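*Asks:* Before I ask anything, here is the structure I am working with.
The values are calculated or read from the model by the stated rules, or taken from the named source; none is laboratory data. These figures come from a predicted structure and were not determined experimentally. Here Cβ is always computed from backbone atoms with ideal geometry, including for glycine, and neighbour counts include all displayed protein chains. Heavy atoms of the whole protein, side chains included, go into the accessibility calculation; ligands, DNA and RNA do not. Shrake-Rupley method; radii C 1.70, N 1.55, O 1.52, S 1.80 Å.
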Amino acid sequence: MKKTLMHTALVFTSIAFASSALAGYTGFKTMAIGDPITAVTAVNDGMEKYDWRTDNDQDFRGTPKLGEGFLGLPAIGPYDYAIYYQKLSSFGGPLVEYKNSSPSTVKQAKADFRAWVEKATKALGVKPELTEYNKDNNEPFFECVTSNLCGSYSANYHIGDREVSLWLMRGDEGSSVVGSLRVGMSNIK
């Protein structure tokens, strides 16, 4: 009886450890696709709904609490969360933001992208699908890499049925941020 209880306790401990290890394996401490909105709200500051199409399809914005950002690093800005039927379906947020698109800033953005890809590859233990091109040097860099027809700087890591991505893109219209390096996660299905 004592051996059976001990074995049962070991099995439950292993399951608990494995599930938390899987969450960390994606680079995020506790957030995972499929989490209920209450779990997402618990690890974010200032969660607010900013768009909704129906009661079952809503977008929220919030800043991950300390230690909850990608690779445990502090978030530099709010993440966007897509909630479908009260569960997290995808999310993403900024790692680095750029205030202009000068040649030196573009050079820094490319260097930051490569450094983050190296850091993520080491932490996740998975080689990414890597895309780095810019077809039109007459188009502003961050505008160009936001459209796959013009350019792309992205790294996609396939981890089980999840995809963790890093990418460069333009900033939000009307924002002082011209471009950013972002991270996100979604289902591959």
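*Asks:* Of all residues in segment 36-64, which are within 26 Å of Trp116 (Cα to Cα), touching a Lys or Arg at 6+ places or on another chain (Cβ under 7 Å) and either open to solvent by less than 40 Å² (accessible area, probe 1.4 Å) or not in a strand (DSSP E or B) (or both)? Show your work before the answer.
*Replies:* Filtering segment 36-64 down to residues within 26 Å of Trp116 (Cα to Cα) leaves 40, 43-45, 60-64.
Cutting the leftovers down to touching a Lys or Arg at 6+ places or on another chain (Cβ under 7 Å) gives us 43-45, 60.
Once the filter is applied, which keeps residues that are within 26 Å of Trp116 (Cα to Cα), touching a Lys or Arg at 6+ places or on another chain (Cβ under 7 Å) and either open to solvent by less than 40 Å² (accessible area, probe 1.4 Å) or not in a strand (DSSP E or B) (or both), segment 36-64 yields Val43, Asn44, Phe60.
*Asks:* If you take the residues of segment 178-189 that are in contact with a strand residue (DSSP E or B) (Cβ under 6 Å, 6 or more places away or on another chain) and open to solvent by 20 Å² or more (accessible area, probe 1.4 Å), which of them is farthest from Leu73 (Cα to Cα)?
*Replies:* Ile188
*Asks:* Another one. Restricting segment 136-174 to residues that are among the charged types (D, E, K, R) and loosely packed, with under 14 Cβ neighbours inside 10 Å, which is farthest from Gly27 (Cα to Cα)?
*Replies:* Taking the candidates together, the pick is Asp136.
*Asks:* Among the listed residues Ala23, Ala9, Ala16, which satisfies the condition of being at pLDDT below 85 and open to solvent by less than 40 Å² (accessible area, probe 1.4 Å)? Break it down stepwise before answering.
*Replies:* Numbers: Ala9 fails: open to solvent by less than 40 Å² (accessible area, probe 1.4 Å); Ala16 fails: open to solvent by less than 40 Å² (accessible area, probe 1.4 Å).
After applying the criteria, what remains is Ala23.
*Asks:* On to the next question. Any idea which of Gly92, Gly69, Gly77 is under 15 Å from Leu181 (Cβ atoms) and buried (at least 21 other Cβ atoms within 10 Å of the Cβ)?
*Replies:* None of the other options fit; the residue is Gly69.
*Asks:* Can you name the number of the only condition in (1) aliphatic (A, V, I, L, M); (2) over 14 Å from Ser165 (Cα atoms); (3) surrounded by 16 or more Cβ atoms within 10 Å (Cβ to Cβ) that Ala123 fails?
*Replies:* Tallying (1) aliphatic (A, V, I, L, M); (2) over 14 Å from Ser165 (Cα atoms); (3) surrounded by 16 or more Cβ atoms within 10 Å (Cβ to Cβ), Ala123 fails exactly one: (2).
*Asks:* Among residues belonging to segment 161-186 that are part of a loop (DSSP other than H, G, I, E, B) and touching a helix residue (DSSP H, G or I) at 6+ places or on another chain (Cβ under 8 Å), point out the one that is modelled with the highest pLDDT.
*Replies:* Applying the filter and picking the extreme gives Val178.
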